[in-house]
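The values are calculated or read from the model by the stated rules, or taken from the named source; none is laboratory data. Here the structure is a predicted model, which means the values were calculated and not measured. Every residue, glycine as well, gets a Cβ built from its backbone with ideal geometry; the counts of neighbours run over all protein chains shown.
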Amino acid sequence: MTEDQFTVAEDPQATIPYVWNPAAPEAEPFFAALEQALPLDDWNAAEVATRSDVFFAQVNQLWSTATLQETLTQRFATRVPQQLLTAIATRAQQVLSSSISLADQLVQCVQEALPHLAEDDLHVLARPLAYAMRGNDAPIESTLERVRSVEWDALSDVEQARLSLAIARYAIAELEAKSEE
């Protein structure tokens, strides 16, 4: 099949400008024309390397955010609304590269989702998750166990904050583990 055999339904005169079989001999002129149109010849090797590094860093960030959202959804979707999980995943990705303390990162991850709680109150609730406590090897799990397993709207404000902060801590831990790989 060639390009001439395909038409677009809305405009029968328009053809699809892509060679469907890149291994076919008639595809070579198509790809040669594409390469001629690409202005990479004006760039030096350092510029190509820099731009490609920036591009792939952005792709990796988008990919890790999507993967994190899937992980959070699998683990917490029965307890928390999807919009909150998405907001926490997005915010965790943003605060991870900042140089602020873990407690501040946790608060920033949930602050927009819980605007009715004061920042100082969120800091108090974030302390057990952010700072090592004696005899508490699994602060995320112990926090999750303390919050009732009921619908989100049935939780108190403090329980919603605790659960959100635990999810934020889990998200940051996941991102840190992936960045070490």
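Just a few scattered comments:
- Residue list for region 88-112, filter: aliphatic (A, V, I, L, M) and part of a helix (DSSP H, G or I): Ile88, Ala89, Ala92, Val95, Leu96, Leu102, Ala103, Leu106, Val107, Val110
- Checked against the criterion of being exposed (fewer than 14 other Cβ atoms within 10 Å of the Cβ), of a type outside the set (A, V, I, L, M) and at pLDDT 85 or above, the candidates Thr7, Thr50, Thr86, Thr73 yield just one match: Thr50.
- Failed item, numbered, when Ala126 is tested on (1) part of a helix (DSSP H, G or I); (2) under 15 Å from Pro81 (Cβ atoms): (2)
- Residue in region 91-111 that is of a type outside the set (Ser, Thr, Tyr), exposed (fewer than 15 other Cβ atoms within 10 Å of the Cβ), within 17 Å of the chain's Cα centre (by Cα) and on the phi < 0 side of the Ramachandran plot present: yes
- Top-ranked residue of region 135-181 - restricted to ones that are among the hydroxyl-bearing types (Ser, Thr, Tyr) and assigned to a helix (DSSP H, G or I), ranked as farthest from Gln74 (Cα to Cα): Ser179
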